[in-house]
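First up is the structure itself, then whatever we jot down about it.
The values are calculated or read from the model by the stated rules, or taken from the named source; none is laboratory data. In this text the structure is predicted, and so the values were computed from the model without any measurement. Ideal geometry is used to build each Cβ from the backbone, glycine not excepted, and the neighbour counts take in all protein chains shown. Side chains are part of the model used for accessible areas, which takes the heavy atoms of the whole protein and leaves out ligands, DNA and RNA. Shrake-Rupley method; radii C 1.70, N 1.55, O 1.52, S 1.80 Å.
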Amino acid sequence: MSYNTFGRVFRFTTWGESHGPAIGAVVDGCPPGLALSETEVQPFLDKRRPGQSRFTTQRQEPDQVRILSGVFDGKTTGTPISLMIENVDQRSKDYSEVANAYRPGHADYAYDAKYGFRDYRGGGRSSARETASRVAAGAVARLVIPEVRIRAWVEQIGHSPILYSRFDETEIDNNAFFSPDATAATEWERLVDAARKDGSSLGAVVVCEAYGVPAGWGAPLYAKLDSELAAAMMSINAVKGVEIGDGFAAALATGEGNADPMRPGEDGPEFLANHAGGIAGGISTGQPVRVRVAFKPTSSILTPVETIGRDGEATEIRTKGRHDPCVGIRGVPVVEAMMALVLADQKLLHRAQIG
Ligand SMILES: Cc1cc2nc3c(=O)[nH]c(=O)nc-3n(C[C@H](O)[C@H](O)[C@H](O)COP(=O)(O)O)c2cc1C
């Protein structure tokens, strides 16, 4: 089986490789009649686009999206929506060392072990170029859930966290790190610069919240909203951990400390805390849905690492080429897109069962 498709009712399939002519997504199951043009999609791709600061890869991709199908007279028709983004700044010769030896931590060895051979140029299908396709599909998903507002930010780079006492949502789009804490962003400039100069890389934690999700989306047991979100976030390149609400910290709490007490409010129940991350029994409670996502450090680094070649012989690899020194930064719009894609699917599933 080959898994390139995600979703149940609102489904998308991504295609393409890092150094092929183009990448893209096909969105199927989108309701008809939603106003859609490239203008709705492009701003999200612009947020993820590489080469916008010295803290991301210097590959220059305009990431201009073209909608090839599924739209007529500016509205979705209910038929498959094909979104295409051309690759224009490939430099395949940078990848000669990756052709012959495996980057520890990257997908090179696992792809060879599974498929017998791989497109090593830019990491081929395992490259996070693919995440541009998700971001494009996510922009379409947002049209299905206009009642929901989604916001993600970087909470930590390496060992350096933001301070929530300095949290300012308007700051997130004002710095190169999607940081809600301007002081942390200044500190991260120094950290990421130093990592890059040392030929190293850093991990990051991204937090995403969705506001306006009504109570009732999701399903018990085998398709809990928690598990759908975890699967979506874990499917993003370099993600190694996902928490819903308090996540692992909930294991350290007591029952009373972890409760989200309720009171009658003017428009239904009022919650006094949100340890559950807006989900109980696999179903949304009407509170903000909150996810934390751990990104590992970039595995393509200039520091030499012990490895083996395709011939099985011991060697060492220093990965040249243009790489993100901290992939979690550009992970922010990808996490937001996956949140939108899951919630759009859950809204349509809820409507299918409950009406
Ligand atoms: C936005 C984004 C950008 C990335 N850029 C790079 C990169 O420049 N170099 C690299 O080695 N990995 C990069 N990655 C991570 C790899 O794609 C990923 O580690 C690889 O596909 C192996 O998959 P895994 O880490 O999920 O096991 C990036 C990931 C994301 C989300």
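Restricting attention to segment 263-287, which residues are free of Cβ contacts under 8 Å to residues at least 12 places away in the same chain and in contact with a Phe, Trp or Tyr (Cβ under 6 Å, 6 or more places away or on another chain)?
None - no residue of segment 263-287 is free of Cβ contacts under 8 Å to residues at least 12 places away in the same chain and in contact with a Phe, Trp or Tyr (Cβ under 6 Å, 6 or more places away or on another chain), so the list stays empty.
Which of the residues belonging to segment 80-98 are more than 21 Å from residue 200 (Cα to Cα) and free of Cβ contacts under 8 Å to residues at least 24 places away in the same chain?
Residue satisfying the conditions is 93 alone.
If we scan segment 246-262, do we find a residue that is open to solvent by 50 Å² or more (accessible area, probe 1.4 Å), more than 16 Å from the ligand (Cβ to nearest atom) and in contact with a Leu (Cβ under 8 Å, 6 or more places away or on another chain)?
The answer is yes; a qualifying residue exists.
Among the residues of segment 327-342, is any closer than 30 Å to residue 43 by Cα, at pLDDT 95 or above, open to solvent by 40 Å² or more (accessible area, probe 1.4 Å) and not hydroxyl-bearing (Ser, Thr, Tyr)?
Within segment 327-342, not a single residue is closer than 30 Å to residue 43 by Cα, at pLDDT 95 or above, open to solvent by 40 Å² or more (accessible area, probe 1.4 Å) and not hydroxyl-bearing (Ser, Thr, Tyr).
For segment 103-123, which positions are of a type in the set (Phe, Trp, Tyr) and either open to solvent by less than 20 Å² (accessible area, probe 1.4 Å) or not in a loop (DSSP other than H, G, I, E, B) (or both)?
109, 111, 115
Of everything in segment 326-348, what is among the hydrophobic types (A, V, I, L, M, F, W, C) and either under 17 Å from residue 231 (Cα atoms) or without any contact (Cβ under 8 Å) to a residue 60 or more places away in the chain (or both)? Give them in sequence order.
Listed by number, the residues that qualify are 332, 334, 335, 337, 338, 339, 340, 341, 342, 343, 344.
Count, please, the residues in segment 66-92 that happen to be open to solvent by 60 Å² or more (accessible area, probe 1.4 Å), under 15 Å from residue 39 (Cα atoms) and not hydrophobic (A, V, I, L, M, F, W, C).
Counting residues in segment 66-92 that are open to solvent by 60 Å² or more (accessible area, probe 1.4 Å), under 15 Å from residue 39 (Cα atoms) and not hydrophobic (A, V, I, L, M, F, W, C) gives 3.
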